[in-house]
Amino acid sequence: MNRRFQIGDRVTVKNATTMFHTRTQAFTRGKSGVIVEHRPDWVIPEDEAWGRDTPERGGRDEPFYVVRFKQKDLWPNYTGFDVDTLETEVAQRWLEPAKEDQQEGTP
Amino acid sequence: MSQTHEHDHEAHAPIQSASQISEFEVLEMAVRELAIEKGLFSAEDHRRFSEWAESIGPSGGSKLVARAWVDPAFKERLLADGTEACKEVGIDWLDPTGTGTPSDYTYFYVLENTPQVHNVIVCTLCSCYPRPVLGMSPDWYRTPHYRRRLVRWPREVLAEFGLHLGPDVEVRVHDSNQKSRFMVMPMRPEGTEGWTEEQLAAIVTRDTMIGVALPKADWTATSSPSAG
Amino acid sequence: MTSAPYRVLLEALDPERRRGDGLPDLERTPDPWESRMQATCECLSWRGTLDNLDRRLAEDALGETTYHDFPVHARSVVVTAHELLDRGAITEKELEARIAAVRARLTRD
């Protein structure tokens with residue numbers, strides 16, 4: 001799959017509902033951050049959990065990214081400082097370009 | 001009932017009184033023996049994994065940090081490809097199966113602390129931890145108490161460990177929710193000029209490589225400098 | 001994952017030593033049986049009986065509720081046993097019998 005996002009791009013984590021086996025944390029849904037690194041193509045956790053842990057077994061490979069969020073964007077009333085951040089890895093399917101007028105997600 | 005023979009050290013262990021053996025130890029043995037008898041895994045499987053589990057510990061990580069402090073070229077290699085650089089200190093992320101363990105994967109990244117950035121690691125999902133370089137995770141690392149709170153209130157949690165950082169230092173929390181495993185490379189403290197790698201490794205404790213503590217020139221990880 | 005506790009597992013808890021809240025003892029050194037238990041967990045995952053992530057999620061869920069009084073370092077063994085019982089991989093009778101046999105073997109003069 002082609003890399004959709006480049007380092008420095010601002011992205012938003014989709015608010016998709018999911019019932020099973022995702023590793024995309026609830027607290028990142030609807031939040032915006034910046035791509036800081038590329039990770040390898042990995043089988044998405046949603047397939048891995050069902051035993052489709054390699055492409056030969058039907059697992060879908062996808063680019064992963066490290067996304068860095070400002071903590072004050074993640075948590076209402078964040079009690080630390082403005083400089084503080086949180087980084088986590090997200091599969092490409094969970095990301096979309098950040099909208100300039102993106103509303104902050106619900107807490 | 002036949003006693004399992006795959007652990008020679010157990011067969012020759014001194015007999016202990018009942019009060020010295022915890023019920024959990026008894027439960028561990030019972031579960032393992034039943035699992036092997038029922039073919040859930042083999043004695044050889046367990047031997048391989050328990051030898052691996054006994055071989056890992058924070059001294060691996062300490063060596064990586066100490067070497068990076070004294071050898072800039074190694075530091076560059078370590079930051080560029082953590083998994084590969086580990087081999088230089090005898091740590092192979094492919095152990096013990098040849099493809100790694102089911103928990104640890106093989107994507108290892110070292111996070112360098114700077115005066116502007118302090119890194120700290122957590123896994124909110126399930127307590128992933130870089131076991132090949134740090135050994136087994138501490139109890140507190142695995143509790144929801146740490147995991148839920150570190151992402152939301154990192155400075156408060158660090159303060160509980162006695163670590164306070166100013167408003168100009170970015171506290172960067174790494175939530176290892178996918179295949180990557182992380183370890184923090186703390187900054188080399190003042191007062192360690194001219195130290196050997198061994199002396200430096202002794203002050204790089206497990207907690208400094210998780211990110212909840214800073215190495216101190218006047219403190220050592222173990223009471224005996226020759227201990228692992 | 002069932003949430004009711006198994007009596008055979010509750011019997012492993014020393015009533016004098018209930019777990020408090022807050023961070024567990026920061027300086028406790030693990031006992032050798034704990035790394036043997038981690039090896040068991042890896043084997044069960046590797047050979048397909050009990051996936052590590054499922055087990056870890058069960059440790060969180062059961063450890064904070066059903067087996068709340070157990071020390072954190074015992075979660076892996078207690079919850080793994082619980083999951084194996086749930087899945088019918090072992091039975092309560094088998095486990096009780098084996099616990100008794102192991103205890104007898106270890107304390108024999």
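The values are calculated or read from the model by the stated rules, or taken from the named source; none is laboratory data. Just so you know, these numbers come straight off a predicted model, no measurement behind them. Positions of Cβ are backbone-derived with ideal geometry, glycine not excepted, and every protein chain shown enters the neighbour counts.
Couple of notes before you dig in:
- The residue of the stretch C:24-77 that is nearest to B:P144 (Cα to Cα), among those that are aliphatic (A, V, I, L, M), crowded, with 22+ Cβ neighbours inside 10 Å and within 7 Å of chain B (Cβ to nearest Cβ), is C:A74.
- Unmet criterion (only one of (1) modelled with pLDDT of 95 or more; (2) over 19 Å from B:T124 (Cα atoms); (3) within 12 Å of chain B (Cβ to nearest Cβ); (4) surrounded by 14 or more Cβ atoms within 10 Å (Cβ to Cβ)) for A:D82: (4)
- Applying a threshold of 7 Å to beta carbon distances and a minimum spacing of six or more residues, or different chains, the list of pairs starting in the stretch C:92-107 at a residue that is more than 7 Å from every other protein chain (Cβ to nearest Cβ) and closer than 18 Å to C:R7 by Cβ and ending at one that is modelled with pLDDT under 95 and in a helix (DSSP H, G or I) reads C:E92/C:V8; C:E96/C:V8.
- A single member of C:T49, C:T66 is of a type in the set (S, T, N, Q) and within 23 Å of B:F49 (Cβ to Cβ), and it is C:T49.
- In the stretch A:51-70, the condition of being modelled with pLDDT of 95 or more, closer than 30 Å to B:E156 by Cα and either among the basic types (K, R) or not in a strand (DSSP E or B) (or both) is met by at least one residue.
- The set of residues in the stretch A:16-45 that are over 17 Å from B:N177 (Cα atoms), in contact with a helix residue (DSSP H, G or I) (Cβ under 8 Å, 6 or more places away or on another chain) and either at the interface with chain B (Cβ under 9 Å from one of its Cβ atoms) or modelled with pLDDT under 85 (or both) contains only A:A16.
- Elements of type helices (runs of 4 or more DSSP H) in the stretch B:15-86, at least 3 residues being away from every other protein chain (no Cβ under 13 Å), modelled with pLDDT of 95 or more and surrounded by 23 or more Cβ atoms within 10 Å (Cβ to Cβ): B:58-70
- C:E83 of a type outside the set (K, R) and at the interface with chain B (Cβ under 8 Å from one of its Cβ atoms): no
- Verdict on A:R93 being surrounded by fewer than 20 Cβ atoms within 10 Å (Cβ to Cβ), within 18 Å of the chain's Cα centre (by Cα), more than 12 Å from chain B (Cβ to nearest Cβ) and modelled with pLDDT under 95: yes
- Matching residues, the stretch B:87-99, being of a type in the set (V, I, T) and either crowded, with 20+ Cβ neighbours inside 10 Å or in contact with a Pro (Cβ under 7 Å, 6 or more places away or on another chain) (or both): B:I91
- Scope the stretch B:172-191; condition of a type in the set (S, T, Y) and either outside the structural domain of B:Y109 (by TED's automatic domain parsing) or out of contact with any Ser or Thr (no Cβ under 9 Å at 6 or more places or on another chain) (or both); matching residues: B:S180
- Some residue of the stretch A:46-59 being at the interface with chain B (Cβ under 10 Å from one of its Cβ atoms) and touching a Phe, Trp or Tyr at 6+ places or on another chain (Cβ under 9 Å): yes
- The stretch A:86-99 residues that are outside any strand (DSSP E or B), paired with ones that are of a type in the set (S, T, N, Q) (beta carbon under 7 Å, 6 or more apart): A:W94/A:T24; A:A98/A:T12; A:A98/A:S32; A:K99/A:T12
- Among the candidates A:T12, A:T88, residue that is within 26 Å of B:R149 (Cβ to Cβ), away from chain B (no Cβ under 14 Å) and at pLDDT 90 or above: A:T12
- For the stretch B:125-135, a residue qualifies if it is surrounded by fewer than 22 Cβ atoms within 10 Å (Cβ to Cβ) and in contact (Cβ under 8 Å) with a residue 40 or more places away in the chain, and the qualifying residues are B:L125, B:R131.
- The criterion of at least 1 residues that are among the β-branched types (V, I, T) is met by the following helices (runs of 4 or more DSSP H) wholly inside the stretch B:107-224: B:131-134, B:144-152, B:154-160, B:197-203, B:206-210.
- One residue stands out in the stretch B:192-224 among those that are outside the structural domain of B:G162 (by TED's automatic domain parsing) and more than 25 Å from B:D139 (Cα to Cα): the one that is modelled with the highest pLDDT, namely B:A217.
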